[in-house]
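S.K.: Take a look at this one; I'll ask things after.
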Amino acid sequence: MDDKVSVGKISVSSDSVSTLNSEDFVLVSRLGDETPSSTNNGSDDEKTGLKVISEEGVSFKIVGNGSEQQLQRELEDVLMDPSVADIGLRSEKGMDGVCGGDRGPLATTSSPVPPGSDPLSAQPPKLEMVLPVQTAQESELNERSYRDESSSDGSPGSPILDEDSVVFSQLTYLGCASVNAPRSELEALRMMSILRGQCQLPLDVTLSVPGVSEGTVRLLDPNASTEIANYPIYKILFCVRGHDGTPESDCFAFTESHYNAEIFRIHVFRCQIQEAVSRILYSFATAFRRSAKKTVLSCQQPAPHTPDTDLFTFTVSLEIREDDGKGTFSAVAKDKDKQSFKLRAGMDKKIFIYILQTSNKELAIERCFGLLLSPGKNVKNSDMHLLDLESMGKSSDGKSYIITGSWNPNTPQFQPVNEETPKDKFMYVTTAVDLVITEVEEPVRFLLETRVRVCSPNDRLFWPFSKRNYTETFYLKLRQMERKERKNPASDTLYEVVSLESETEREKRKTTASPDIMPTGTGTTAPSPPEDDEEEDNDEPLLSGSGDVSKECAEKILETWGDLLTKWHMNLSVRPRQLPALVRSGIPEALRGEVWQLLAGCHNNDHQVEEYRTLITKESPQDSAITRDINRTFPAHDYFKDTGGDGQDSLYKICKAYSVYDEEIGYCQGQSFLAAVLLLHMPEEQAFSVLVKIMFDYGLRDLFKQNFEDLHCKFFQLERLMQEYIPDLYNHFLNVGLEAHMYASQWFLTLFTAKFPLYMVFHIIDLLLCEGISVIFNVALALLKTSKDDLIQTDFEGALKFFRVPVPKRYRSEENAKKLMELACSIKISQKKLKKFEKEYHTLREQQEQQEPPIERYERENRRLQEANMRLEQENDDLAHELVGSKIALRKDLDNAEEKADALNKELLLTKQKLVDSEDEKRRLEEESAQLKEMCRRELDKSESEIKKNGSIIGEYKQICTQLSERLEKQQTANRGELEKIRSKVGGCEKCRSLFNKEGRVRAAATTSAGGAETDEEKEDLKNQLREMELELAQTKLQLVEAECKIQDLEHHLGLAFNEVQAAKKTWFNRTLSSIKTVTGTKETT
């Protein structure tokens, strides 16, 4: 971004040169003094016929609100350094006595523009950058021109010319006069003609034109080589030459401004060599075109060598980036107060080391062979852990050497820095980088010790306020080696390391070595740098971006906001009732980014984020104005003060994207302050979305439309409110001639962001997003009320100075700012009252227009319509171009859509065919399923009938078995009874007793034959009876066994049948039904 820096936008032709390099808050009118600007930033290449840019705007005066010219001069306070006022005044004094005789009146003439010939209403030819072609006569002039070296003879009266300045001799100074339109070519030519014709005592001078925008144009006495007057380049607004064929063809002039002056002056010169005029204008164009880059580069030149020429200084910066969950690594926040990095546990990280040599002869870094990290402080070398190197090499500008390494905190050695640290506690991390330097014999190690705090991975991430890098300065002392001392005489090594010391170590050593040199009396000690809040109360205005805003907040307040945000996220379309009361007390700094987006309605802005990423790739017509303002936005804030840093880069992209997004308004000077405030609380995509909401939904862009018509209405409303709420101060301002636009312009256009401390600015944005832009009136009235006693004691100049310097400084104190905001919130201003004042303003405006001569009104309306017509024609051309491009793109999209439609139709036909087949298959499966169900039902009925039949058979078998058992028991009982009878009979018979023993068994046959016959018969009868009884008993037992076998067989068959039925129910039937359901469901899905 360094190469984009420019001091001003230049417009060059062979006839005129215009610049916007002064640090003015510019209001631009392109074609007339009432022509609305579509860009408001001095764009000079947008319309046909555009040549000269006018900053003073329209010339008509609105009753009670001053002119656009006065408004422009007051808006200069936003960006201009007041220290240049003294230089401008000296320049004015130096020129007052140049013209004598008849030129006296010319020096004070206001040169009014006659009606109908307003120089701003003319349509000069379009500006082009035309470099003059050097002719033979110009070559002769170049021989006469010489550099400032030839004039620096060291005499006391000789001026000190700027480097690269070009000196032109044989010039005549014709005089100066006041002008109302410092960038109007017509008025400049008219004044050139008047001064050329009326000047009777011309003055021979030598003109020195610098080659850079930081230089000074000087008028020299050609005889005494003394300086007559000087004009800084940033004060010169316009340079013009006389037209060919006119008496003024050998003349040229330039206009210059005074800081907070009421007039602009034009200085006219005549050249004895007419062709020299083109060369002079070319020199002015060169001075306008040169940016501050040369100065920046000169500041970056190596510092002068110290007496010890072997001392080399390096600046080493450490940046830690963390995985943001979106596939990228973002720089971690750094606590400004405690200077500690805020890390999240468990997240992969990357380490970036930036090494920049700042003094002495440049040493060549050959490579890095080690990037090491370890938790703790004063770590031993053995405890350092090597990281994986990802890249190393020179930066794009070739100044720094960048080393990148990956850090996995989940490894065991980094466990201490992967656990959450308690609140208000921190720990140290030591980082080391080992470098091989070509000219140094041994490797060089830079050691960085920085503080870190580890928080939960679920903590909200807030945009950092301070620099994200930790920077340390190292002093490397080397000793030049003799060739014989080198290990390899043929190598490039020239030095060996004597010592390496960091700035921190040096300070500690000084403190430790001289503990008794502390100031105890009136001794001379080096003063410590003052804090931001301890600046001297001098006449210097407070720098924008001043003041620190702490993130500390009471736990009770955070809990209240946490509950509110939880409820709010449940229904984002409705704001909680208690929200306005909490916002009036101030949103906690840690929550502002989130709450601002919710208040602005940017919680769902993915489409605008994508649009922003597209917009930043396009070219902006206001690129130079944006680049110029970026360097002057919040110079007191660490995040934006570095040229080319992350803050300025993001701010540039936001302003550029908005200038492309809003073509009607474009980039407006002062817009960068509001964008910077948003950028301090959220990433640039979300900051752009909120900026768009404020400009469109909150009506801020309306202030820049229609020649600032709405802004003048706001001034009128403020004065009417002052008349009602602060009548004595209103009357005092009326008496001294101080109007609202002279002090309140930047209040409305920048929303107080340009000059006031950040604590107050953030609170104002809180109220603005919650209650609307009318809050500006509350804050303005509160400022006027609190400053009333001081303002009543001042005159016109004193009041302006009081608004510019003491008022912003008064609220550096957080307590004073709180009281002011409480007063602002207590002032009740109804919208009905503001509407009434707005109607009064429009009524006064209509009356003024009616009093204006019709011809002038019609001419102004004609100019306005012409510009609108030109703008619409340009927009029409742009739209036509876009239409052609969109038609081509639409044709391509249509062809692609037709191809996709054909493919989808084919797929649809195939799908329909598959659907028909699936339906047929479904019907077939449904029929099969019905058949299977019917078959299963029949089988189930059959099984149930068989079960019933088997059950009846089993019952009959059981009954039969029971009967048989009963018969058997009865038979056995009868047999036992008969057996007992037989035994009793046998026991009663003596004969039989001898034949049977006590157990009833037959004894051995008697050998006697007495009674042999009877005994044999009886014996035979008994045997027969016994045999029959045994046979009958055996048959009964057999029947019993057979019955038991049949019972067992039947029970076995019953069990098998029951198991088969249960198995059939559980397996086959279920599997069949499941398969049917599965097939049917699949087909329906298909």
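The values are calculated or read from the model by the stated rules, or taken from the named source; none is laboratory data. All values derive from a computational prediction rather than experimental measurement. Heads up, the Cβs are rebuilt from the backbone with ideal geometry, glycines too, and the neighbour counts pull from every protein chain shown. Ligands, DNA and RNA are stripped out before the accessible areas are found, and what is left, the full protein with its side chains, is counted by its heavy atoms. Shrake-Rupley method; radii C 1.70, N 1.55, O 1.52, S 1.80 Å.
S.K.: Answer yes or no: is there a residue in the stretch 542-553 that is open to solvent by less than 50 Å² (accessible area, probe 1.4 Å), in a helix (DSSP H, G or I) and either farther than 30 Å from Leu448 by Cα or at pLDDT below 50 (or both). Spell out the reasoning first.
M.R.: Residues of the stretch 542-553 that are open to solvent by less than 50 Å² (accessible area, probe 1.4 Å), as a first pass: 542, 544-547, 549, 553.
Pick out the ones that are also in a helix (DSSP H, G or I) and you get none.
No, the stretch 542-553 contains no residue that is open to solvent by less than 50 Å² (accessible area, probe 1.4 Å), in a helix (DSSP H, G or I) and either farther than 30 Å from Leu448 by Cα or at pLDDT below 50 (or both).
S.K.: Check the stretch 887-902 and report whether any residue there is among the charged types (D, E, K, R) and in contact with a Ser or Thr (Cβ under 8 Å, 6 or more places away or on another chain). Before the answer, list the steps.
M.R.: From the stretch 887-902, those among the charged types (D, E, K, R) are 887, 891-893, 895, 898-900, 902; that's our starting set.
Remaining after also requiring in contact with a Ser or Thr (Cβ under 8 Å, 6 or more places away or on another chain): none.
No: zero hits.
S.K.: Restricting attention to the stretch 660-681, does a residue exist that is in a helix (DSSP H, G or I), under 29 Å from Glu875 (Cβ atoms) and among the acidic types (Asp, Glu)?
M.R.: no
S.K.: While we're looking at this one, here's another question. Criterion first (buried (at least 24 other Cβ atoms within 10 Å of the Cβ), aromatic (Phe, Trp, Tyr), modelled with pLDDT under 90 and on the phi < 0 side of the Ramachandran plot) does Phe238 satisfy it? Break it down stepwise before answering.
M.R.: Working: buried (at least 24 other Cβ atoms within 10 Å of the Cβ): yes; aromatic (Phe, Trp, Tyr): yes; modelled with pLDDT under 90: yes; on the phi < 0 side of the Ramachandran plot: yes.
Judged against the criteria, Phe238 is a match.
S.K.: Only one of these conditions is not met by Asp649: (1) at pLDDT 90 or above; (2) closer than 19 Å to Thr750 by Cα; (3) open to solvent by 20 Å² or more (accessible area, probe 1.4 Å). Which number is it?
M.R.: Single failed check for Asp649: (2).
S.K.: Do we have Glu187 as open to solvent by less than 20 Å² (accessible area, probe 1.4 Å), over 43 Å from the mean Cα position of the chain (by Cα), more than 20 Å from Ala276 (Cα to Cα) and of a type outside the set (Ser, Thr, Tyr) here? Spell out the reasoning first.
M.R.: Working: open to solvent by less than 20 Å² (accessible area, probe 1.4 Å): yes; over 43 Å from the mean Cα position of the chain (by Cα): yes; more than 20 Å from Ala276 (Cα to Cα): yes; of a type outside the set (Ser, Thr, Tyr): yes.
Spelling it out, Glu187 is indeed open to solvent by less than 20 Å² (accessible area, probe 1.4 Å), over 43 Å from the mean Cα position of the chain (by Cα), more than 20 Å from Ala276 (Cα to Cα) and of a type outside the set (Ser, Thr, Tyr).
S.K.: Hey, among Ala657, Ala754, which residue is within 33 Å of the chain's Cα centre (by Cα) and without any contact (Cβ under 8 Å) to a residue 60 or more places away in the chain? Steps first, answer last, please.
M.R.: Values: Ala754 fails: without any contact (Cβ under 8 Å) to a residue 60 or more places away in the chain.
Every option except Ala657 fails the conditions.
S.K.: Another question, if that's okay. Within the stretch 600-636, how many residues turn out to be open to solvent by 10 Å² or more (accessible area, probe 1.4 Å) and in contact with a Cys (Cβ under 6 Å, 6 or more places away or on another chain)?
M.R.: Total meeting the criteria: 0.
S.K.: Could you grab me the full set of residues in the stretch 196-215 that are open to solvent by less than 20 Å² (accessible area, probe 1.4 Å) and of a type in the set (S, T, N, Q)?
M.R.: Thr206, Ser208, Ser213
S.K.: Please tell me if Leu734 is buried (at least 21 other Cβ atoms within 10 Å of the Cβ) and over 30 Å from the mean Cα position of the chain (by Cα). Walk me through how you get there before you give the answer.
M.R.: Details: buried (at least 21 other Cβ atoms within 10 Å of the Cβ): no; over 30 Å from the mean Cα position of the chain (by Cα): yes.
No.
S.K.: OK, next. Contact list please: Cβ distance under 7 Å, first residue in the stretch 793-812 and farther than 14 Å from Met742 by Cα, second residue open to solvent by less than 30 Å² (accessible area, probe 1.4 Å) and aromatic (Phe, Trp, Tyr), pairs at least six apart or on different chains.
M.R.: Once the first residue is farther than 14 Å from Met742 by Cα and sits in the stretch 793-812, its partners that are open to solvent by less than 30 Å² (accessible area, probe 1.4 Å) and aromatic (Phe, Trp, Tyr) give Thr794/Phe802; Pro808/Phe756; Tyr811/Phe756.
S.K.: For the stretch 423-468, which residues satisfy the criterion of being modelled with pLDDT of 75 or more, part of a loop (DSSP other than H, G, I, E, B) and of a type in the set (Ser, Thr, Tyr)? Full working, then the answer.
M.R.: Here is the first cut: in the stretch 423-468, the residues modelled with pLDDT of 75 or more are 425-457.
Those still in the list that are part of a loop (DSSP other than H, G, I, E, B) too: 425-426, 438-439, 441-443, 456-457.
Correct list: Thr438, Ser456.
S.K.: Continuing with the same structure: Out of everything in the stretch 319-335 that is open to solvent by less than 50 Å² (accessible area, probe 1.4 Å) and either of a type in the set (D, E, K, R) or in contact with a Cys (Cβ under 7 Å, 6 or more places away or on another chain) (or both), what residue ends up being farthest from Lys477 (Cα to Cα)?
M.R.: Asp324
S.K.: Take the stretch 1000-1044 and flag every residue that is modelled with pLDDT under 80 and closer than 24 Å to Glu969 by Cβ.
M.R.: Gly1000
S.K.: Being at pLDDT below 80, of a type outside the set (Lys, Arg), assigned to a helix (DSSP H, G or I) and open to solvent by 40 Å² or more (accessible area, probe 1.4 Å) is the filter here; which residues of the stretch 963-999 pass it?
M.R.: Residues satisfying the conditions are Gly988, Glu990, Ser994.
S.K.: Select from the stretch 814-849 the residues that are farther than 22 Å from Tyr725 by Cβ and in contact with a Lys or Arg (Cβ under 9 Å, 6 or more places away or on another chain) and write down the one among them that is modelled with the lowest pLDDT.
M.R.: Glu849
S.K.: Among residues belonging to the stretch 712-745 that are among the aliphatic types (A, V, I, L, M) and free of Cβ contacts under 8 Å to residues at least 60 places away in the same chain, point out the one that is nearest to Gly666 (Cα to Cα). Lay out the reasoning, then the answer.
M.R.: Applying the first criterion (among the aliphatic types (A, V, I, L, M)) to the stretch 712-745 yields 718, 721-722, 726, 729, 734, 736, 738, 740, 742, 744.
Remaining after also requiring free of Cβ contacts under 8 Å to residues at least 60 places away in the same chain: 734, 744.
Details: Leu734: 35, Ala744: 22 Å.
Across the stretch 712-745, the extreme among qualifying residues is Ala744.
S.K.: Need the failing condition index for Leu904 against (1) touching a Gly at 6+ places or on another chain (Cβ under 6 Å); (2) open to solvent by 80 Å² or more (accessible area, probe 1.4 Å), just the number.
M.R.: (1)
S.K.: Right, here's the next one. Looking only at the stretch 571-590, filter to residues that are closer than 21 Å to Asn604 by Cβ and in a loop (DSSP other than H, G, I, E, B); which one of those is least open to solvent (accessible area, probe 1.4 Å)?
M.R.: Ile587
S.K.: State the number of residues belonging to the stretch 555-598 that are in contact with a helix residue (DSSP H, G or I) (Cβ under 9 Å, 6 or more places away or on another chain) and polar (S, T, N, Q).
M.R.: Initial filter on the stretch 555-598 (in contact with a helix residue (DSSP H, G or I) (Cβ under 9 Å, 6 or more places away or on another chain)): 557-558, 560-562, 564-565, 568-569, 572, 574-576, 578-580, 582-598.
Okay, now just the ones that are also polar (S, T, N, Q), so 560, 578, 585, 597.
Of the residues in the stretch 555-598, 4 are in contact with a helix residue (DSSP H, G or I) (Cβ under 9 Å, 6 or more places away or on another chain) and polar (S, T, N, Q).
S.K.: Let me ask something additional. Of the residues that sit in the stretch 796-817 and are small (Gly, Ala, Ser) and within 20 Å of Gly547 (Cα to Cα), which one is surrounded by the fewest Cβ atoms within 10 Å (Cβ to Cβ)?
M.R.: Ser813
S.K.: Any residue at all in the stretch 745-755 that is open to solvent by 10 Å² or more (accessible area, probe 1.4 Å), among the hydroxyl-bearing types (Ser, Thr, Tyr) and out of contact with any Gly (no Cβ under 8 Å at 6 or more places or on another chain)?
M.R.: No: zero hits.
S.K.: So if I check each of Ala754, Ala744, Ala782, Ala799, which one is outside any helix (DSSP H, G or I) and out of contact with any Lys or Arg (no Cβ under 6 Å at 6 or more places or on another chain)? Quick ask: steps written out before the conclusion?
M.R.: Working: Ala744 fails: outside any helix (DSSP H, G or I); Ala782 fails: outside any helix (DSSP H, G or I); Ala799 fails: outside any helix (DSSP H, G or I).
Within the list Ala754, Ala744, Ala782, Ala799, the selection yields Ala754.
S.K.: Take the residues in the stretch 336-346 that are touching a Pro at 6+ places or on another chain (Cβ under 9 Å) and crowded, with 17+ Cβ neighbours inside 10 Å; name whichever of them is nearest to Leu476 (Cα to Cα).
M.R.: Lys336
S.K.: May I pose another question? What are the residues in the stretch 354-407 that are under 26 Å from the mean Cα position of the chain (by Cα) and open to solvent by 60 Å² or more (accessible area, probe 1.4 Å), if any?
M.R.: Hits for the stretch 354-407 are Ser396, Asp397.
S.K.: Listed residues Pro210, Pro222; which is within 45 Å of the chain's Cα centre (by Cα) and at pLDDT 85 or above?
M.R.: Details: Pro222 fails: within 45 Å of the chain's Cα centre (by Cα).
Residue meeting the stated conditions: Pro210.
S.K.: While we're here: Can you pull out the residues in the stretch 216-233 that are open to solvent by 10 Å² or more (accessible area, probe 1.4 Å), under 19 Å from Ala177 (Cα atoms), in contact with a helix residue (DSSP H, G or I) (Cβ under 9 Å, 6 or more places away or on another chain) and of a type outside the set (S, T, N, Q)?
M.R.: Residue satisfying the conditions is Ile228 alone.
S.K.: Shifting gears a bit: Pull out all pairs, ordered by first then second residue, where Cβ-Cβ is under 8 Å, the residues are six or more apart or on different chains, the first lies in the stretch 841-868 and is open to solvent by less than 60 Å² (accessible area, probe 1.4 Å), and the second is of a type in the set (Ser, Thr, Tyr) and in a helix (DSSP H, G or I).
M.R.: Arg860/Ser121; Arg863/Ser121
S.K.: When the residues of the stretch 763-787 are filtered to those that are within 22 Å of the chain's Cα centre (by Cα) and buried (at least 22 other Cβ atoms within 10 Å of the Cβ), which remaining residue is farthest from Asp629 (Cα to Cα)? Break it down into steps so the answer makes sense when it comes.
M.R.: At the first step, the residues of the stretch 763-787 found to be within 22 Å of the chain's Cα centre (by Cα) are 763-770.
Right, trim to buried (at least 22 other Cβ atoms within 10 Å of the Cβ) and you get 763-769.
Working: His763: 24, Ile764: 23, Ile765: 21, Asp766: 25, Leu767: 26, Leu768: 24, Leu769: 25 Å.
Taking the candidates together, the pick is Leu767.
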